[in-house]
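Undergrad: Starting off with a structure, shown below.
The values are calculated or read from the model by the stated rules, or taken from the named source; none is laboratory data. Small disclaimer: the values here were computed from a predicted structure and weren't measured. Cβ placement follows ideal geometry from the backbone for every residue including glycine, while neighbour counts extend to all protein chains displayed.
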Amino acid sequence: MAMIMNQDQKDLVALAKEFMEKEVKPHIYELDEKGEFPLELYKKGFQLGFHCMDMEEKYGGVGLDYNTIAFVVEELAKVDAGFAISLTLNGLPFACVSQFGTEEQKKYVSEKIVPGGFITFALTEADAGSNAGAVRCTCTRDGDDYIINGPKTFITNGEYGDIHIVFATINPEAGVRGICAFIVEKDRKGIQIGKKENKMGLRLSNTCDMFFDNVRVPASNLLGKEGMGFKIAMSALDIGRVFNAAMAIGIAQGALDDCIEYSKQRKPFGAPIATHQAVQFMLADMAIQIEAARALTHNTAYLAQAGEKYTKEAAISKTFASDMAMHVTTDAVQVFGGYGYSKEYPVEKRMRDAKIFQIFEGTNQIQRMIISGALLR
Amino acid sequence: MDKSLYKNIWVYVELTEGKADKVSLELLGEARKIADASGEKLVAVLISDAAEKAAEEISCANVDDIIIVSGEEYKHYSTDAYTFAFTQLCKKYKPSVLFMGATDNGKDMAPRLSARLDTGSIADTTELYYNPETKDIEWTKPAFGGNLMATIVCDKSRPQIGTIRQGVFKAALPVKKENINIIKENINTPAEMIRTIFKNYTANESTADIKIEDAEVIVAIGRGVKNQEQIAIFKELADMLGGTIAVTRPIVDCGWYSVKCQVGQSGKIVSPRLYIACGISGAVQHTAGMTSSDVIIAINSDKTAPIFGFADYAVVGDMFEVVPALIEEIKSLKGI
Amino acid sequence: MEILVCVKQVPDTEEIKVDPVTGSLIREGVPSILNPLDACALEAAVRFKEAHGGAVTVISMGPPQAEQALRQCISVGADDAVLITDRAFKDSDTLATSYALSLTSKQLGCFDVIFCGKHTIDGETGQVGPQIAEHLNYNQITGVMDVKFDGEYLLASREMEEGKETVQAALPCVITVTKTNYTPRYPSIKSKMAANKKEIKILSASQIEGLEMDRIGMSGSRTTVVKSFVPAVGEAGMIICEETAEQSGKKLAALLVDAKVI
């Protein structure tokens, strides 16, 4: 790849590669087929610290910069994007805590998570997907507590979350200004885990419905102030998009690597298909798009790291990288021909995995609204 | 050092339950040739509590002399006692060469002894050549995972010590020479000198169920096998070579073998010493799991099969005819 | 417990390819790795430390780049690392290598246990461990698949050709380790980065106390490599296509037996 990396970055990418190739790759076919959540493998990943890469060192996390994390998640996703998502998802909900939480809250959450655990980001609802302002899950103040009520859907790692960051409205009339964000521990009474999604891709990841039935949390679990929830969610989503872009790049790079290997070996007319210009150009186009997406995404990570505003750039990166990954993986299936369509080869899975990146954490249509909104402001 | 002071070819005959190990007999066979070439004596050295009994067997292995060291302290191998005994023997008799089998204990003792005698030791060799001009043994051994062979000499010191792998040479002819000297050496290793004490030994359970990742030899079958009865001939080949059967995806899908035996992208990655692919076309999905095997043999009737691109030996022909002929011929060549 | 582990950086033999034209090994671009069984030896040492206390020092003889292998050791539990590096060590055989390592060991401290990998994947000799033991007059156990310490003696299982032998051994002792039970652990992201910051002690030949120069390098070696060559087997595939499949099978058998493949 055409990126300059420091020694730490090279070593961590190598570590991610070794871990994924040795521990995860041998099981992917089976896990993908069954749609199982390999909890034991995630626990192994916790031991290496992949689940708290962005948590500050003073809270026990690894404290990596955004660019390094982007390199690492790309490498993880190169082997399996679903595993990469579930293993590193904590970064998104923890960003809510690290940016808006009190010192006690940061300590509290990290102490629970650093030894090994999942945090979920419970924002999406059936009628509040891309339009986060339409949240119908409610919270009401009751003395020193808040009581949360309502359903959530498509919650990644929901079934296994040790802590949930839950978004609920204190005043449905107030739209986005009514949303509050809470730290909700998994053992709070009234948390129900609903149906598990049977997804097209990311099948090593867990996605499920949740229901909060009069779940009582102390007021000290409120992040920021009442009504700040939307701002909290959006700022966390910004950095989440950078990492999503990096993972989409990983999927595409993995597909390109598969194609290079395959096209050198496959000889339907006596010569390897790699000797055909039609295939060569497809490979070149994949590489062009991948490198462009990577440069774009790392630039956004630099902006974020430097403390610059990067909402638009995060949206651009996520959109470009995910559209690119869809395109590249579709072409990869084409390069493999009939075998590409077979589950015996890895490229069809990459194509299934890539699709969600155009959809989740804000569809690419919403991203374009964010981008054009920023342009026309 | 004056190398000419050192004479004779020694073979350390390792005993298991009183019987000479196969590798020791093989070494006696090869060492005989070297001794004849160099005009020296072939001496078998026995160190064991059962040495005297075993000398009978060894006297029929075309040797000139036998040196025996016996005693209770040699009942089980220990680095200290055996190295001590050999050191005494080497100092007294000054052999030119000391061959040992590349067994676990042979490889434990040879380097230790060489360091004590300040001489060279060459490990795990597979070829020996006596150079009549230099009077050195030229030892050849594999290195770099078998990618390279190195020829090594111990040209500055004596004795020349080395371990040799089993199965490289033919066993000694059953010849009993006349006037064999059987020399009993009385060497006692004081108990306090022996720092490692043997406790117990457990033999491995039947090796019938070899994991394919651990197998030295793999016979792999794929789509070419149409029914379960056809597998028998490949099983026979695998058994004969001390290996195991591995399969490709379609065979697993048929339910004939478990996924544990599957080689390839969705199965196991294997790197045996010998991989025999029978009727496997060589799709990437499969080859991803086997290309690092040391030697690859592919048998396929389709001469354009991609598997041949990976093969060291590409046999074009119907595997159901090739394999039985292969088995018969190996049996007759190896005298099995 | 003071524990020493001897490691070597080796070319990844799985990545080594043979030049189809010249028949020689292509070493360029072949990654250097920590010898796999040395990684197992380190794992055994770190578990030994975790069970009985003490510290683990790793030592390696090699070119300056071998520092990378030592950093890897630090990232998975070694406390200190020492690299002995000098042109004077060039062409050392196992005896000369073990001499230099044993002197360095003496200089670094009084180690109770020294762990080594059973053999390296480049030279494949397995001799350095026992030879270090001899130079230091230590006890030795080779091919160890499991080792425990009862407070006075080591209790070790040796992996044998067709079984397992248990021995009781006195300290100080050199142990050479096989993989069986000692799958190396992964570093964590944190330990990996910390290892990159760790200082590695570097010693030249003249900094090793009492080292006699004529006992290292080529002059100190008792064995000499006179030639090396690529084995016939493994060259570009040989096509066997006789008149009948039966003849092909027979020819294959003859070739395999000749080449000592079987």
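Undergrad: Would you mind listing the strands (runs of 3 or more DSSP E) fully within the stretch C:157-262 where at least 2 residues are in contact with a strand residue (DSSP E or B) (Cβ under 8 Å, 6 or more places away or on another chain), more than 9 Å from chain B (Cβ to nearest Cβ) and under 24 Å from C:V58 (Cα atoms)?
TA: Here the list reads C:173-177, C:201-203.
Undergrad: Can you name every residue in the stretch A:130-154 that is crowded, with 24+ Cβ neighbours inside 10 Å, within 23 Å of the chain's Cα centre (by Cα), assigned to a strand (DSSP E or B) and among the β-branched types (V, I, T)?
TA: none
Undergrad: Further question on the same structure: If we keep just the residues of the stretch C:78-102 that are among the acidic types (D, E) and within 20 Å of C:V226 (Cα to Cα), which is nearest to the other protein chains (Cβ to nearest Cβ)?
TA: Filtering the stretch C:78-102 for residues that are among the acidic types (D, E) and within 20 Å of C:V226 (Cα to Cα), the one nearest to the other protein chains (Cβ to nearest Cβ) comes out as C:D93.
Undergrad: Turning to a different aspect of this structure: So how many residues does the stretch C:134-145 have that are touching a Pro at 6+ places or on another chain (Cβ under 9 Å) and either at the interface with another protein chain (Cβ under 7 Å from one of its Cβ atoms) or under 21 Å from B:T140 (Cα atoms) (or both)?
TA: 4
Undergrad: Let me ask another. In the list A:V73, A:V114, A:V97, which residue meets the criterion of being away from every other protein chain (no Cβ under 14 Å) and either in contact (Cβ under 8 Å) with a residue 12 or more places away in the chain or surrounded by fewer than 24 Cβ atoms within 10 Å (Cβ to Cβ) (or both)?
TA: A:V97
Undergrad: Could you pull out every one of the helices (runs of 4 or more DSSP H) wholly within the stretch C:32-136 that has 1 or more residues that are closer than 27 Å to C:N196 by Cβ and at pLDDT 95 or above? Working first, answer last.
TA: On the way: elements: C:36-52, C:67-75, C:94-108, C:128-136.
Per the criteria, C:36-52, C:67-75, C:94-108.
Undergrad: I'm told B:Y129 meets every condition in (1) assigned to a strand (DSSP E or B); (2) modelled with pLDDT under 95; (3) surrounded by fewer than 16 Cβ atoms within 10 Å (Cβ to Cβ) except one. Can you identify the failing condition by its number?
TA: Against the list (1) assigned to a strand (DSSP E or B); (2) modelled with pLDDT under 95; (3) surrounded by fewer than 16 Cβ atoms within 10 Å (Cβ to Cβ), B:Y129 comes up short only on (2).
Undergrad: Something else about it: Could you list, in sequence order, all residues of the stretch A:96-120 that are under 21 Å from the mean Cα position of the chain (by Cα) and of a type in the set (S, T, Y)?
TA: If the condition is that a residue be under 21 Å from the mean Cα position of the chain (by Cα) and of a type in the set (S, T, Y), then A:S98, A:S110, A:T120 are the ones that fit.
Undergrad: Quick one: which helices (runs of 4 or more DSSP H) lie wholly within the stretch A:37-129 and hold at least 2 residues that are farther than 29 Å from A:P346 by Cα?
TA: A:91-100, A:103-113
Undergrad: Next up: Can you go through B:I161, B:I152 and tell me which one is free of Cβ contacts under 8 Å to residues at least 40 places away in the same chain, within 11 Å of another protein chain (Cβ to nearest Cβ), crowded, with 19+ Cβ neighbours inside 10 Å and not aromatic (F, W, Y)? Lay out the reasoning, then the answer.
TA: Numbers: B:I161 fails: free of Cβ contacts under 8 Å to residues at least 40 places away in the same chain.
Going through B:I161, B:I152 in turn, the sole match is B:I152.
Undergrad: Do you know which of the residues in the stretch B:78-122 that are part of a strand (DSSP E or B) and farther than 15 Å from C:E134 by Cβ is farthest from the other protein chains (Cβ to nearest Cβ)?
TA: Only one residue tops the list, namely B:F99.
Undergrad: When you go through A:S317, A:S342 one by one, which is the residue that is under 30 Å from A:K267 (Cα atoms) and of a type in the set (G, A, S)?
TA: None of the others qualify; the one that does is A:S342.
Undergrad: Out of all the residues in the stretch A:175-219, which are in contact with a Gly (Cβ under 8 Å, 6 or more places away or on another chain), farther than 22 Å from A:L87 by Cβ, of a type outside the set (G, A, S) and not in a strand (DSSP E or B)?
TA: A:V176, A:R177 - these are the residues of the stretch A:175-219 that are in contact with a Gly (Cβ under 8 Å, 6 or more places away or on another chain), farther than 22 Å from A:L87 by Cβ, of a type outside the set (G, A, S) and not in a strand (DSSP E or B).
Undergrad: If you take the residues in the stretch C:113-130 that are among the charged types (D, E, K, R) and closer than 19 Å to C:M145 by Cα, which one is surrounded by the most Cβ atoms within 10 Å (Cβ to Cβ)?
TA: Within the stretch C:113-130, the match that is surrounded by the most Cβ atoms within 10 Å (Cβ to Cβ) is C:K118.
Undergrad: Taking B:V69 and the conditions (1) surrounded by fewer than 22 Cβ atoms within 10 Å (Cβ to Cβ); (2) within 20 Å of B:I197 (Cα to Cα); (3) in contact (Cβ under 8 Å) with a residue 24 or more places away in the chain, which numbered condition does it fall short on, given that it satisfies the others?
TA: (1)
Matching residues to (1) exposed (fewer than 14 other Cβ atoms within 10 Å of the Cβ); (2) within 12 Å of chain A (Cβ to nearest Cβ); (3) under 30 Å from B:F84 (Cα atoms):
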position	(1), (2), (3)
B:Q228	yes, no, no
B:D253	yes, yes, no
B:W256	no, no, no
B:S271	no, no, no
B:G282	no, yes, no
B:Q285	no, yes, no
B:S292	no, no, no
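Undergrad: Right, another one. Would you mind stating whether A:E125 is surrounded by fewer than 24 Cβ atoms within 10 Å (Cβ to Cβ) and free of Cβ contacts under 8 Å to residues at least 40 places away in the same chain?
TA: Values: surrounded by fewer than 24 Cβ atoms within 10 Å (Cβ to Cβ): yes; free of Cβ contacts under 8 Å to residues at least 40 places away in the same chain: yes.
When the stated conditions are applied, A:E125 passes them.
Undergrad: Continuing with this model, one more query. So, restricting to helices (runs of 4 or more DSSP H) that lie completely within the stretch A:273-377, which ones have at least 2 residues that are surrounded by 15 or more Cβ atoms within 10 Å (Cβ to Cβ), among the aromatic types (F, W, Y) and outside the structural domain of A:E75 (by TED's automatic domain parsing)? Explain how you work it out, then say what you get.
TA: On the way: elements: A:277-305, A:311-336, A:347-356, A:364-375.
It comes to A:311-336.
Undergrad: A:K44 versus (1) surrounded by fewer than 20 Cβ atoms within 10 Å (Cβ to Cβ); (2) farther than 30 Å from A:L123 by Cα; (3) of a type outside the set (A, V, I, L, M, F, W, C): which is the lone unmet condition?
TA: Exception for A:K44: condition (2).
Undergrad: Sticking with this structure for a sec: Which residues, taken from the stretch B:63-122, are among the acidic types (D, E) and touching a Gly at 6+ places or on another chain (Cβ under 7 Å)?
TA: Across the stretch B:63-122, the qualifying residue is only B:D104.
Undergrad: A further question on this structure: Do we find a residue being touching a His at 6+ places or on another chain (Cβ under 9 Å) and assigned by TED's automatic domain parsing to the domain that holds C:T180 anywhere in the stretch C:20-37?
TA: So far as the stretch C:20-37 goes, yes, one or more of its residues are touching a His at 6+ places or on another chain (Cβ under 9 Å) and assigned by TED's automatic domain parsing to the domain that holds C:T180.
Undergrad: Moving on. Where residues in the stretch B:298-336 are free of Cβ contacts under 8 Å to residues at least 60 places away in the same chain, of a type in the set (A, V, I, L, M, F, W, C) and closer than 28 Å to B:A171 by Cα, which of them is farthest from the other protein chains (Cβ to nearest Cβ)?
TA: B:L333
Residue by residue, here is whether (1) surrounded by fewer than 21 Cβ atoms within 10 Å (Cβ to Cβ); (2) among the hydrophobic types (A, V, I, L, M, F, W, C); (3) away from chain C (no Cβ under 12 Å); (4) part of a strand (DSSP E or B) holds:
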residue: B:E138; (1), (2), (3), (4): yes, no, no, yes
residue: B:P142; (1), (2), (3), (4): yes, no, no, yes
residue: B:S157; (1), (2), (3), (4): yes, no, no, no
residue: B:N188; (1), (2), (3), (4): yes, no, yes, no
residue: B:T202; (1), (2), (3), (4): yes, no, no, yes
residue: B:K211; (1), (2), (3), (4): yes, no, yes, no
